[in-house]
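Beneath this line is the structure, given in structure tokens, with notes to follow.
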Amino acid sequence: MSTHREKLVLPGGADKLLLHSCCAPCSGELMEAFVESGIDYTVFFYNPNIHPQKEYLLRKDENIRFAEKHGVPFIDADYDTDNWFARAKGMENEPERGIRCTMCFDMRFERTALYAHEHGFRVMTSSLGISRWKNMGQINDSGHRAVAPYDDVAYWDYNWRKGGGSSRMIEISKRERFYQQEYCGCVYSLRDTNRHRKAQGRDRIQLGVQFYGDDAEGKAGA
């Protein structure tokens with residue numbers, strides 16, 4: 001596996017980084033790049049959108065395992081699904097990458113920015129943008145909005161896909177045999193993905209059975 005990466009330097013002379021992680025497959029490349037660059041960072045896992053709880057725990061436990069492998073601190077934030085569903089009310093039938101996803105990014109990044117502000121992290125970023133299934137501009141806009149209330153926190157909108165980042169993400173996922181989620185994460189994404197699969201004559205998604213390195217290529221990202 002090719003691991004040639006650009007030497008990363010935190011913006012603004014910051015000394016540590018808070019990484020919002022959606023899952024191990026998306027964050028694996030970032031985490032190894034930070035280690036290689038000597039960046040002090042902490043993983044912040046706040047993803048109350050992931051449904052059902054079985055799927056949430058599968059994704060979180062994979063992320064914890066990889067963080068422990070690298071000796072990286074892991075912050076396990078609340079799974080406050082009631083608040084997520086309250087904010088999603090009225091957006092149940094919005095398409096993926098639409099306003100419901102913007103709301104979801106905003107909610108998760110607002111919590112991440114608050115933690116960064118309260119715990120001395122001058123820079124935060126997210127693994128969400130590395131996934132080809134996501135709109136990077138939409139994600140970065142949410143990140144910048146989240147830090148706007150705080151003079152002491154900046155959002156790092158680095159393009160994690162460039163320089164082979166997306167390819168290394170898949171290579172790392174196969175090497176680690178990460179759990180391979182087959183939908184974005186929320187109940188509405190699960191519903192819509194299953195509808196699409198049914199229209200194609202495919203079986204419904206089965207949780208916890210697909211892993212990187214298997215034949216099918218799933219949909220990384222939450």
Give the Debye-formula value of log10 I(q)/I(0) at each listed q (0.10, 0.12, 0.13, 0.16 Å⁻¹), with one equal scatterer per alpha carbon of the chain, two decimals each.
-> -0.41, -0.61, -0.72, -1.11
Taking H as built 1.01 Å from N, whose amide H comes closer than 5 Å to the amide H of I75, not counting residues under 5 places away?
-> V43, F44, F45
Going toward the positive end of the dipole of the stretch 96-222, with +1 on Lys and Arg Cβ and -1 on Asp and Glu Cβ, which of M107, H196, P149 do you reach last?
-> H196
To the nearest 20 debye, the chain has a Cα-centred charge dipole, built from +1 on Lys and Arg Cβ and -1 on Asp and Glu Cβ, of 720
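Per-residue ellipticity at 222 nm for the chain, helices alone: DSSP H runs ≥ 4 residues times -39500 (n - 2.57), over residue total, nearest 500 deg cm²/dmol?
-13500 deg cm²/dmol
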Rg(Cα)/(2.2 N^0.38 Å) for the stretch 113-184, N = residue count = 1.28
Here the net charge surrounding A113, from other residues whose Cβ is less than 11 Å away from its Cβ (Lys, Arg +1; Asp, Glu -1), is -1
With the contact rule set at Cα under 8 Å and sequence spacing of 6 or more, what percent relative contact order holds for the chain?
-> 27
Highest mean packing first, using Cβ neighbours within 10 angstrom, the peptides 46-56, 14-24 sort as 14-24, 46-56
Kindly state, to the nearest 0.05, the FRET efficiency for R65 paired with R132, given R0 = 22 Å and r defined as their beta-carbon distance.
-> 0.35
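Size of the dipole of the stretch 10-116 about the Cα centre, Lys and Arg at +1 and Asp and Glu at -1 on the beta carbon, nothing else charged, in debye to 20?
The dipole magnitude comes to about 180 debye.
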Straight-line reach from K198: which lysines have a Cα under 20 Å away, not including same-chain ones fewer than 8 places off?
-> K219
Distance from the Cα centre of the stretch 134-165 to that of the stretch 1-76, in angstrom?
-> 15
Would you work out which of N49, L18, H119 lies farthest towards the positive end of the dipole of the stretch 14-199, given +1 charges on the beta-carbon of Lys and Arg and -1 on that of Asp and Glu, about the Cα centre?
-> N49
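FYI, it's all coordinate maths here, none of it is from the lab. Small disclaimer: the values here were computed from a predicted structure and weren't measured. Ideal geometry is used to build each Cβ from the backbone, glycine not excepted, and the neighbour counts take in all protein chains shown.
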